[in-house]
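Readers should treat all values here as calculations from the given coordinates under stated rules, not as data from a laboratory. Everything numeric here is computed off the predicted structure, so don't read it as measured data. Glycine also receives a Cβ, built like all others from the backbone with ideal geometry; neighbour counts cover every protein chain displayed.
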């Protein structure tokens, strides 16, 4: 017996087919190979194991006790392999599996509802998990493997992630229609001087971009309210507490709230929303399909 011998799957399939059918020709036909190939595989198994598995007669092959003892294990191995293959096919065909997306709550409200609904209709057996987290956390969730990918705007470049733009956006002023700045078709950063503004807290989300743009324009912003989530800034602006500074895409259905959105100029500050993945890691078929739904939803919006 060869102590290092391990039967291959082809040899195990040949052994089980011979055991069930008792003839080399029938086993070969069942496996769609030649009879000589089946004979070789059986001989290799017997030589490797150091024992005879079948006694040859003129009419059929008779299993030895060794074959009778081994066949149950061989059949279980083949069942497990077949189930493994079927499971992978289901994942590839999106008949099972899951997708986990790391995203901030405000952005999730903007980009996820339509995509989740469309994906659920197309692939009802794939589960979607949303990991809602703070802006400075979603990249870490992707790198740690807690999420398949993230959606957002990384606050700083990272060498271990890849980004692909989902929505091209820019910083804007959001104000009520009765605010003096609403009458301007083009708003420059310098024209914000003297107006009480709402934006996110220092060091958080877009705040470094806001402060950098104000410094470039040579003005000191009068920030009267600092918030954690841009959704809070929106309702505060709609309630008359002052204009907000945010990416324009976050101001959903502004007219219905009595708001207008004005792109900020001199300078124009880009704030793109991107698909963020761990470098070197491929997305599963389910995750790829969900990204496609996100892109379609954004095109429709």
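Both numbers refer to the Cα atoms of segment 110-181; Rg and Dmax are 16.3, 52 Å. Pick the calculated P(r) over Cα pairs in 10 Å bins from 0, in percent for this structure from (i) 6, 26, 34, 24, 9, 1, 0; (ii) 6, 26, 37, 25, 5, 1; (iii) 6, 21, 19, 13, 11, 9, 7, 8, 5, 1, 0? Step by step, P(r) over Cα pairs in 10 Å bins from 0, in percent for this structure corresponds to label (iii).
Dividing the summed helix terms, -39500 (n - 2.57) for each DSSP H run of n ≥ 4, by the number of residues in the chain produces a 222 nm estimate of -13000 deg cm²/dmol to the nearest 500.
Please list log₁₀ I(q)/I(0) at q = 0.15, 0.19, 0.26 Å⁻¹ for segment 9-92, using the Debye equation with identical point scatterers on the alpha-carbon positions. For segment 9-92, the Cα-only Debye profile gives -0.55, -0.82, -1.33.
Remark: spin-label model distance residue 193-residue 129 equals 5.2 nm, labels positioned 7 Å along the Cα→Cβ axis.
Taken over segment 21-178, the convex hull of the Cα atoms encloses 212 Å³ per residue. Rounded if a/c is under 1.5, else prolate if a/b is larger than b/c, else oblate: which is segment 171-265, with a ≥ b ≥ c the root eigenvalues of its Cα gyration tensor? Taking the square roots of the gyration eigenvalues as a ≥ b ≥ c, segment 171-265 is oblate. Sorting 215-226, 243-254, 40-51 by average packing, meaning the other beta carbons within 10 Å per residue, from highest down gives 243-254, 40-51, 215-226.
Modelled label positions at residue 137 and residue 114, each set 7 Å beyond Cα in the direction of Cβ, lie 2.8 nm from each other.
Remark: spin-label model distance residue 292-residue 121 equals 1.6 nm, labels positioned 7 Å along the Cα→Cβ axis. Here residue 76 and residue 49 are evaluated by their C-beta separation; at R0 = 22 Å the FRET efficiency comes out at 0.80.
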